[in-house]
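The values are calculated or read from the model by the stated rules, or taken from the named source; none is laboratory data. What you see is a predicted model, and the numbers here were worked out from it, not measured in a lab. With ideal geometry, Cβ positions are generated from the backbone for all residues, glycine too; neighbour counts draw on all protein chains shown. Each accessible area value is taken on the protein alone, full model and side chains, heavy atoms only, with ligands, DNA and RNA left out. Shrake-Rupley method; radii C 1.70, N 1.55, O 1.52, S 1.80 Å.
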Amino acid sequence: MMTYDRNRNAITTGSRVMINGTGKTGTIKAIKADGMTPAQVRRSKTVEIDGCDGEFEPIELIRLGMH
């Protein structure tokens, strides 16, 4: 599944990202988007990041380079 970060950069499983507000970084390990529209995915807590607890909204993330 592909979605977009807060700057409209494409992110997908394996993308390295930073969480806006906390500065924590990690790699996306899953995007849970079953049966959701792209707009719903972008504004729902659907992203799991290695090394970070919980799930995050794609609009909370900033992509760090390409993978």
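Annotation note: Cβ proximity below 6 Å between a residue of segment 1-24 that is under 13 Å from Glu48 (Cα atoms) and modelled with pLDDT of 95 or more and a residue that is polar (S, T, N, Q) and not in a strand (DSSP E or B) (sequence gap 6+ or interchain) occurs for no pair. A count restricted to segment 38-53 and to residues that are open to solvent by 70 Å² or more (accessible area, probe 1.4 Å) and in a loop (DSSP other than H, G, I, E, B) stands at 5. For Lys29, the requirement of being surrounded by fewer than 16 Cβ atoms within 10 Å (Cβ to Cβ), in a loop (DSSP other than H, G, I, E, B) and under 11 Å from the mean Cα position of the chain (by Cα) is not met.
In the set (1) open to solvent by less than 50 Å² (accessible area, probe 1.4 Å); (2) of a type outside the set (A, V, I, L, M, F, W, C); (3) out of contact with any helix residue (DSSP H, G or I) (no Cβ under 9 Å at 6 or more places or on another chain); (4) at pLDDT 95 or above, the condition left unmet by Arg63 is number (1).
For segment 10-26, the set of residues classified as outside any strand (DSSP E or B) and either surrounded by 17 or more Cβ atoms within 10 Å (Cβ to Cβ) or aromatic (Phe, Trp, Tyr) (or both) consists of Ser15 only.
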